[in-house]
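Okay, structure first, notes after.
Just so it is clear, none of the values below were taken in a lab; they were calculated from the coordinates. Note that this is a predicted model, so its numbers are computed, not measured. Virtual Cβ from ideal backbone geometry, glycine too; neighbours counted across all protein chains shown.
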Amino acid sequence: MRRRTWRLAVAVIAFAGAIAIWLLETRTFPYLSVNHDEGVYLQQAAMLLDGQLFVRPPVEDVFRPWFFVEDGDRLYPKYAPVPAAMFALGELVGGYRLALPGVGAAILALVALVVREVFDRRTGFAAAVIVLCSPLFLIEAAVFLPYAPTAMLNLTFAFSYLRADRTDDRRWAGVAGVAIGLAFFSRPYTAVLFAAPFVVHACWTLWRDLRGALSRQIATATLGVAGVGLALAYNATVTGSPLVFPYEAFAPLDGLGFGRRQLLGPGTEYTVRLALRSNALVLTEFVTGWIAGGIFGAVVAAIGFGVAVRRGLSPRAGILAGQILTISVGNVYFWGNYNLLGDLDRAGDGLIATHGPYYHFDLLLPFAAFAAVGALALVAVARRTATRNLTPRAARVTFVAALLVSALALGGATAVNVDQKIDRNAAVTDTYERVYEPFEDGPTERSIVFLPTPYGDWLAHPFQALRNDPDFDGRTVYAMDERPFAVFDEYSDRSLYRLAYRGTWAPHDGSPRTARLQPVEHTAGSAVELNASVGVPSAAESVTVTVTTAEGSSTHVLENTATETTVRLTATDGAVQLHGTGIETAEPVRIADRDDVVLDVFADRGPGSSFSYRLEVPIRTDGETVRALTPRVERCSGIRDCGGEAAYIPEQSPDGVFIRTELAAVEE
């Protein structure tokens, strides 16, 4: 009966965790999070469901997703496919998001099982509750990142290993080997740090009883090595060498060790001193803000460790204690913990502010285990003290009151920590909601959408909710706005759109403020003419028009302006020419075969009030035909605002400020 009751209680905790994760992922992360690796794993999951390890874009240079490696005409992700495969299982049963509650529930159940194997049932249940109340678990289990799925595999290994050690069952030993092999395939270094104390324990069991332990340890080791072999085989398939992992092929200096380290930027010299400092900050964040109870929870865990030592630290409990050492010290060797922090001297900077110290996710197991031991020990001491010094009735009242006060203190600290983390992520989601709003009503037809690239030439960075199907033939195809004519030629039967936003890309600060999905027309002829009408406020002292190409520029001050001023730009093979009221004789400006012709209309209203309209027209000539696309349109309050972050949004523009454009072919 006790066993059945315990199992039911663990099932309730696992179910509660699944519900919490479902609410978080659907309400806090409906457009995914600020960590753009989520889009990589979901893109990879879609590839696996299509039976593909590679994608082959139909046009070069415009379809490369974030963190994909270029290999000739094909692309592949920098990450191993194991977490993506788990997410793909969710899609098979109804949607990718179903995978996350499943993984989270499994982690909670496995924590209870592992800690029960080390201590007892009550401690195992308490440990599961503590993990459920930890912000690091709640946030990481609610996003499509590899840390929770890999932890699930590690915990499966831990439980199976301990069960096999207790029962001498080689079947459980085999399960342990499969689990740690897959964990290595998923995140090799993470699996090594987690498993290292188990390896020490395995060697100790062999030394103590070689004949009794040998068969099960061989089963675990053999299947574990098979997982390593699977990882090396995957490497050979995608990178061409079993010893070159995809992440190394993507960024050779984004790995383990000290010295020069970098991902995509200028990088840094990762010294031992810098490693120790950054990891100390990460561990401080882990203890103070990302575990149940914060610093109070850490104190309870320290008490629990002391209690376990006083009682006589068993070899199994020694495994958990060893993990505190291997995971903490091992991560010093990985510069990602420095990268996670952003600016070390600026609190709340970097991904750690929203996602926590996720490279230390596996520390939740030893923390929860010893915190559970400490909490139960404190409860027992409180009960004995009350019973010894008070009457039975007064003892019960005092004991219950003490429990309530302690629960309120720990629960309050946990609630504040969780609330802060959710609010930080919710602020980003509010920004995402404004940016993705134009997609709520369209496009409904088969279309191409050109996306901005604030972080460089990548798709799904930052717009990871806008992903292509593996065959690049979904209802909507997303492309970078780098080779628009090549994309049009490949998808000439589709409608064209361009996503533009207003404000710098800084989701944490509530920017961009609004976005627009601009229809784009393709026009071709022996010449192409752009007619642009712009609003000029009556307070404008003058209007200056400048046309700029890759070959030169031409500037004109309009002599007569009205509240609506019209200019005309004509592009022929080899040159563009400006026309309009107040423009006497404009000399043609030469253009290249592929050019983005920029038309600036500057309205001078004095310091602080002036603004300009910027129209950037993609043009391509081939000797007989001139082709053009609808211009990218911006309204800039300053020169520095222009260049992709000052989109003209009609419904958001002040009175008297407007832009109307018409692009037409002209036969000469």
For the pair ARG171 and THR566, the simple spin-label estimate (label points 7 Å beyond Cα toward Cβ) gives in nm 8.4 nm
At the level of C-alpha centres, the distance separating segment 140-178 and segment 98-126, in angstrom, is 11 Å
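Give me the dipole magnitude in Debye, nearest 20, for the chain about the Cα centre, with unit charges on the beta carbon: positive for Lys and Arg, negative for Asp and Glu. Mind dumping the intermediate values first?
Numbers: 57 positive and 68 negative charges, 1299 e Å.
Roughly 6240 debye for the chain.
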Dimensionless Rg/Rh of segment 184-299, both radii on Cα and Rh by Kirkwood, sits at 1.08
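Using the per-residue mean of other Cβ atoms lying within 10 Å as a proxy for protection, in what order, highest first, do the peptides 211-221, 370-380 fall?
Going from most to least packed, we get 370-380, 211-221.
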Calc'd 3J(HN,Hα), segment 362-370, phi into Karplus 6.51 cos²θ - 1.76 cosθ + 1.60 (θ = phi - 60°), Hz, glycine/Pro = x, comes to 5, 5, 4, 5, x, 4, 5, 4, 6
Amide H neighbours of ALA592 at under 5 Å, excluding residues fewer than 5 places away on the same chain, with H built from the backbone geometry, are ALA550, GLU551
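May I ask for the net charge around GLN464, where only other residues with Cβ less than 10 Å from the Cβ of GLN464 are counted and Lys, Arg are +1 while Asp, Glu are -1? List each step's numbers first, then the result.
On the way: positive: ARG467; negative: ASP37, GLU38.
Charge balance in the 10 Å sphere: -1.
For the chain, how big is Rg over Rh, using alpha carbon atoms and the Kirkwood form of Rh?
Numbers: Rg = 30.6 Å, Rh = 28.3 Å.
Looking at the chain, the ratio lands at 1.08.
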One finds, for GLU440 and ASP343 with R0 = 35 angstrom and r their Cβ-Cβ distance, a FRET efficiency to the nearest 0.05 of 0.45
With R₀ set to 30 angstrom, the calculated FRET efficiency between the beta-carbons of ASN531 and GLU60, to the nearest 0.05, is 0.35
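Report the percentage of all Cα-Cα pairs in segment 36-155 whose separation exceeds 22 Å, rounded to a whole percent. It would help to have the intermediate numbers written out before the result.
On the way: 3102 of 7140 pairs.
Distances greater than 22 Å cover 43 percent of the Cα pairs.
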Treating only Lys and Arg (+1) and Asp and Glu (-1) as charged, each at its beta carbon, one finds that segment 521-666 has a dipole about its Cα centre, in Debye to the nearest 20, of 160 debye
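By per-residue mean of other Cβ atoms within 10 Å, what is the highest-first order of 474-483, 227-236? Please list the in-between numbers first.
Numbers: 474-483: 18.7, 227-236: 16.6.
Those peptides, ordered most packed to least, come out 474-483, 227-236.
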With +1 on the Cβ of every Lys and Arg and -1 on the Cβ of every Asp and Glu, the dipole magnitude of segment 416-475 about its Cα centre, in debye rounded to the nearest 20, is 180 debye
Checked against the positive end of the charge dipole of segment 521-666 (+1 on Cβ of Lys and Arg, -1 on Cβ of Asp and Glu, about the Cα centre), the farthest of GLY580, ALA592, VAL543 is VAL543
When the charge dipole of segment 311-385 is computed with +1 on Lys and Arg Cβ and -1 on Asp and Glu Cβ about the Cα centre, the Cα farthest towards its positive end, among THR326, ASN339, PRO366, belongs to PRO366
Check: C-alpha center segment 300-360 vs C-alpha center segment 46-80, spacing in Å is 35 Å
For the chain, cysteines with no other Cys Cβ under 4.7 Å from their own Cβ are listed as CYS133, CYS203
The extension gain from THR268 to ASP120, computed as 0.36 nm times the residue separation minus the Cα-Cα distance, is 48.6 nm
Pseudo-spin-label distance ARG27 to ASP622, built 7 Å along Cα→Cβ, given in nm, is 5.5 nm
Contour minus Cα-Cα span, TYR455 to THR5, at 0.36 nm per residue, comes to 156.7 nm
Given the candidates VAL601, PRO650, VAL567, the one whose Cα lies deepest towards the positive end of the charge dipole of segment 521-666, counting +1 at each Lys or Arg C-beta and -1 at each Asp or Glu C-beta, is PRO650
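So what is the 222 nm mean residue ellipticity for the chain from helices alone, if each DSSP H run of at least 4 adds -39500 (n - 2.57) and you divide by all residues, rounding to the nearest 500 deg cm²/dmol? Display every interim value, and only then the final one.
On the way: 19 runs with 319 residues, N = 668.
After summing the helix terms and dividing by the residues of the chain, the value is -16000 deg cm²/dmol.
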Listed by chain and number, the residues whose amide H is under 5 Å from that of SER610, excluding neighbours fewer than 5 places away on the same chain and using placed H, are ARG605
As a percent rounded to 5, the proportion of antiparallel DSSP bridges among beta bridges in the chain is 90 percent
Taking Cα atoms, the helix 392-436 axis meets the longest principal axis of the chain at an angle in degrees (rounded to 10) of 20 degrees
Pseudo-spin-label distance ASP473 to ASP489, built 7 Å along Cα→Cβ, given in nm, is 2.1 nm
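Need one number: the % of Cα-Cα pairs in segment 521-666 sitting beyond the 25 Å mark. If you can, show how the numbers build up before the last one.
Numbers: 2512 of 10585 pairs.
Every Cα pair in segment 521-666 considered, those over 25 Å come to 24 percent.
Starting from 0.36 nm per residue, how many nanometres of slack lie between SER542 and LEU210 once their C-alpha separation is accounted for?
Working: separation 332, 0.36 × 332 = 119.52 nm, distance 9.25 nm.
Taking SER542 through LEU210 to full extension adds about 110.3 nm, to one decimal.
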